[in-house]
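The values are calculated or read from the model by the stated rules, or taken from the named source; none is laboratory data. These figures come from a predicted structure and were not determined experimentally. Here the Cβ positions follow ideal geometry from the backbone for every residue, glycine too, while neighbour counts run over all protein chains shown.
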Amino acid sequence: MTRQSRSRRRQVALYRFQLIAPLLLPQLSPQRRGERVREILTRPPTPPWGGEPPRLSARTLRRWLQVYQEAEGDRLAALEPKTRGDHGHSRTIPPELLAEAISVREKASRLSVRQILKVIEHPARERVSRRSLGRALREAGYGKRDKRSRIAARCKGRLAPVDWDLQLWEADFPNEIWQVDSTPSIWLPKGRHRDQAVRLQLVNLIDDHSRLIVGGGFVERLRVVDLLSFLVPAIEAYGCPSVLFMDQAQIHRSSIVTQGLARLGGEAIFGTAGHAPGHGKVERLHQKAEDTLVEGFRLSPVHTALEATRRHEVWREEDATEEHTSTGESPLTRWRRIEGNARIPSEEELRWAFRGEVERTVGKLGEIQWGGKLYEAPPSHRRASPYRAAIRFDLLDQDQVWIEDEDGSHHPCPLYRVRSHTERRRRRPHPSPGVSYRDLFEGDELGAEDASTNDFYL
């Protein structure tokens, strides 16, 4: 009764009045009043909130009758269930711990009760259950309202029917399908690290079957280079997925990403409305990150995207060992079913898989134009006439490109630079002469054998 709402307490009071109403007639004799009490106990009316009638006794009915007759003012309010004097104050949670939890909830309202218990430093937090703390926060007026019910109330009306088969779909085994997505996240203010405030982009890579977060982090401006900086370490640690499921963003359609996956045995698929993997797994992961990780940034701020990414790595490791609500297992436990069978690409494969490939003309002097810069091919790849060649490039290192031969070998081509006259002369071959300067003027005095030798050199 202590947690009943005011309207429910009013319903209880009306039901109690309905029970004692036949006993209020003043002309009833004590014998007739006793008969009516037995009739009420035999066939009590159904309560307005439904369900079975409460368990009653003659003593209870007489007590309610006495309370109603002796009440002053609003007699119906006297029949309402009484709340405890310590209502709103938990008896199992120390006041200092509750005050600390309320302070954390005020600073980071999206943190769950489990995360609040991890953040607070009270010595009694190990003895407090998550449910008790959540009830105490609600009674103190700091409960976390259910966002899903709020969204459902806002979206009432003509909605498209939910396909529950797609909602519950998952890949058959780990590394079959990975999903990648990004979402705007926390703002970083301007200061000594940047001239203007910037909003970080949160990137998450998730395995569809196990729900394991295989990679991700924060960047200031999402580019293909940043996407590869998260994707390549994930493949190096967990292997290449059979399918990488992405949305229709322009950076996802980069040939460096799609062709690099194909070289490692994977495939890029761009999601549409009918694709089952796109029904909320990575979006719910974004929401969880906002409720836990990003809310933690408000308690312990970060100043750069690199610091936020390091905190993301720690959060990722903790999430891998927590039991998932929909699977009943931890993500790491589910993924380890293929541990040892997952093919991890070699370092050489990863080095060349995600380097771009274009065709360019190699000139007579070995010059190669790409990206507004001029490169020079090695002497072994210069021809008497210009020809087309496959050029490999790295987005992170544009100081050189590589010529790729048909056998898969790569030859570096550094940036072209103008050499000085002295350096060009130094590179020319200078064959040693067969005669000395003195021999040119003393040739007549040489013997026939020596003269024939000098003739040979001259």
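Annotations for the structure displayed:
- When residues of the range 65-80 are limited to those that are under 57 Å from the mean Cα position of the chain (by Cα) and assigned to a helix (DSSP H, G or I), the one surrounded by the most Cβ atoms within 10 Å (Cβ to Cβ): Ala78
- Ile235 meets each of the listed conditions (1) surrounded by 12 or more Cβ atoms within 10 Å (Cβ to Cβ); (2) in a helix (DSSP H, G or I); (3) at pLDDT below 90 apart from (3).
- Any hit, the range 278-299, residues being in the same structural domain as Asp208 (by TED's automatic domain parsing), out of contact with any helix residue (DSSP H, G or I) (no Cβ under 6 Å at 6 or more places or on another chain), on the phi > 0 side of the Ramachandran plot and in contact (Cβ under 8 Å) with a residue 12 or more places away in the chain: yes
- Filtered residues of the range 327-365 (kept if over 18 Å from Gln398 (Cα atoms), small (Gly, Ala, Ser) and touching a residue at least 40 places away in the same chain (Cβ under 8 Å)): Ala342
- The sole residue among Glu290, Glu347 that is over 20 Å from the mean Cα position of the chain (by Cα) and not basic (Lys, Arg) is Glu347.
- Look at (1) in a strand (DSSP E or B); (2) surrounded by 16 or more Cβ atoms within 10 Å (Cβ to Cβ) and you find that Asp226 fails only one, number (1).
- So Leu244, is it part of a strand (DSSP E or B) and within 26 Å of Trp169 (Cα to Cα): yes
- Residue check for Thr304: out of contact with any Asp or Glu (no Cβ under 8 Å at 6 or more places or on another chain), within 22 Å of Leu332 (Cα to Cα) and hydroxyl-bearing (Ser, Thr, Tyr): no
- Considering the range 398-430, and only residues there that are modelled with pLDDT of 80 or more and surrounded by fewer than 10 Cβ atoms within 10 Å (Cβ to Cβ), the residue that is nearest to Gly372 (Cα to Cα) turns out to be Arg417.
- Condition check for Thr321: modelled with pLDDT under 90 and more than 30 Å from Ile251 (Cα to Cα): no
- Search result, residues across the range 186-245 that are among the polar types (S, T, N, Q) and closer than 15 Å to Thr309 by Cβ: Gln201, Asn204, Ser229
- Positions within the range 318-340 being among the charged types (D, E, K, R), touching a Ser or Thr at 6+ places or on another chain (Cβ under 7 Å), more than 10 Å from Arg211 (Cα to Cα) and assigned to a helix (DSSP H, G or I), in sequence order: none
- Residue pairs meeting the criteria (Cβ under 6 Å; at least 6 apart or on separate chains; first over 20 Å from Leu350 (Cβ atoms), in the range 236-251; second part of a strand (DSSP E or B)): Phe245/Ile177; Phe245/Gln179; Phe245/Ile269; Gln248/Phe270
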